[in-house]
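Colleague: Take this structure, written in structure tokens, and hold onto it; I'll ask about it next.
The values are calculated or read from the model by the stated rules, or taken from the named source; none is laboratory data. Source: prediction; values computed, not measured. Here Cβ is always computed from backbone atoms with ideal geometry, including for glycine, and neighbour counts include all displayed protein chains. The accessibility values were calculated without ligands, DNA or RNA, using every heavy atom of the protein model including side chains. Shrake-Rupley method; radii C 1.70, N 1.55, O 1.52, S 1.80 Å.
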Amino acid sequence: MYLRSGRGAVLRVAVVLGVAMQAVAQKGCPALTFEGEVQAGKSFHHALGTKQSFLLESIASGWIVRVLPASGARGVHDFAELATPPYRSPNPLLISTDFSFRAQDAVAWNPREFHFFTSAQQMSIATKAYDATLKEPNRPAAGAALFPLLAEACTASLQILDARIAGGSADQSLMAATVAQHFSQTAHTVDTSAPPSKLGRILWMSFRVKVGEEQKRPTKR
């Protein structure tokens with residue numbers, strides 16, 4: 001779950017875990033749909049019920065999805081970070097050019113499913129288990145407490161509706177090829193006036209987030 005041995009291994013584990021998560025009824029999860037847009041260098045916030053907040057946080061390489069407390073101090077880890085494996089590797093929370101993903105690869109990983117915890121108790125257990133894996137990275141049992149906890153996490157999805165990018169000139173990496181499969185089906189514009197670079201950059205995007213049971217309902221336009 002936490003090791004990065006073998007190409008694509010971490011993503012295959014994430015798929016297996018995702019199936020297990022969907023098999024469990026999720027209690028206490030909000031059910032909502034919202035849309036937004038962001039430009040490079042800007043962040044986006046939206047309430048998730050009364051106790052949590054969705055944050056699409058701007059980072060140098062793009063954005064990262066976070067779920068934070070609606071009020072109070074921000075913890076070392078957010079509610080989505082520890083609930084959405086794989087860790088320290090390509091991850092659905094990262095909409096970015098990290099890990100040798102080109103801008104077009106980040107857009108082509110669409111839609112993305114992620115998960116988040118809803119309680120301080122879940123976060124406490126998850127944090128201890130995660131810290132244990134850092135101390136003993138070659139012993140999977142060190143983080144065993146995370147497995148039943150992941151099945152309790154709320155499920156959500158982020159779908160990119162449209163994007164404007166400066167495309168990357170590098171060849172697609174093998175890791176990106178395993179998940180970046182919907183570029184032609186995702187509305188996008190390539191800015192040919194942008195300076196060329198190997199990975200490119202996402203300049204703007206609009207998106208839709210579905211949380212909980214809302215994921216199962218068809219979108220009405």
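Colleague: Kindly indicate which of Ser169, Ser206, Ser197 is hydroxyl-bearing (Ser, Thr, Tyr) and under 17 Å from Gln39 (Cβ atoms).
Modeller: Ser206
Colleague: Which residue out of Leu161, Leu174 is modelled with pLDDT of 90 or more, open to solvent by less than 60 Å² (accessible area, probe 1.4 Å) and either out of contact with any His (no Cβ under 9 Å at 6 or more places or on another chain) or over 23 Å from Trp63 (Cβ atoms) (or both)?
Modeller: Leu161
Colleague: May I ask you to list pairs of residues, at least six apart or on different chains, whose Cβ atoms are under 8 Å apart, with the first in segment 56-85 being within 21 Å of Gln159 (Cα to Cα) and the second being part of a loop (DSSP other than H, G, I, E, B) and among the charged types (D, E, K, R)?
Modeller: Ser58/Lys42; Arg66/Asp78; Arg66/Glu81; Val67/Asp78; Leu68/Arg74; Leu68/Asp78
Colleague: Does Asp171 fit the bill of being of a type in the set (D, E, K, R), in contact with a strand residue (DSSP E or B) (Cβ under 6 Å, 6 or more places away or on another chain) and in a loop (DSSP other than H, G, I, E, B)?
Modeller: Judged against the criteria, Asp171 is not a match.
Colleague: Of all residues being open to solvent by less than 60 Å² (accessible area, probe 1.4 Å) and either out of contact with any Phe, Trp or Tyr (no Cβ under 6 Å at 6 or more places or on another chain) or assigned to a helix (DSSP H, G or I) (or both) in segment 138-154, which is farthest from Gln52 (Cα to Cα)? Just the residue, please.
Modeller: In this case the residue turns out to be Ala142.
Colleague: Mind listing whichever residues of segment 80-100 are within 17 Å of Glu57 (Cβ to Cβ) and either part of a loop (DSSP other than H, G, I, E, B) or open to solvent by less than 20 Å² (accessible area, probe 1.4 Å) (or both)?
Modeller: Ala80, Glu81, Leu82, Ala83, Thr84, Asn91, Pro92, Leu93, Ile95, Ser96, Thr97
Colleague: From (1) open to solvent by less than 30 Å² (accessible area, probe 1.4 Å); (2) closer than 17 Å to Ala156 by Cα; (3) hydrophobic (A, V, I, L, M, F, W, C), pick out the condition that doesn't hold for Leu32.
Modeller: For Leu32, the failing item is (1).
Colleague: Which one of these does Gly200 not meet: (1) on the phi > 0 side of the Ramachandran plot; (2) touching a Cys at 6+ places or on another chain (Cβ under 9 Å)?
Modeller: For Gly200, the failing item is (2).
Colleague: Can you tell me which residues in segment 116-137 are within 19 Å of Pro92 (Cα to Cα) and open to solvent by less than 10 Å² (accessible area, probe 1.4 Å)?
Modeller: Passing the criteria: Phe116, Phe117, Ala126.
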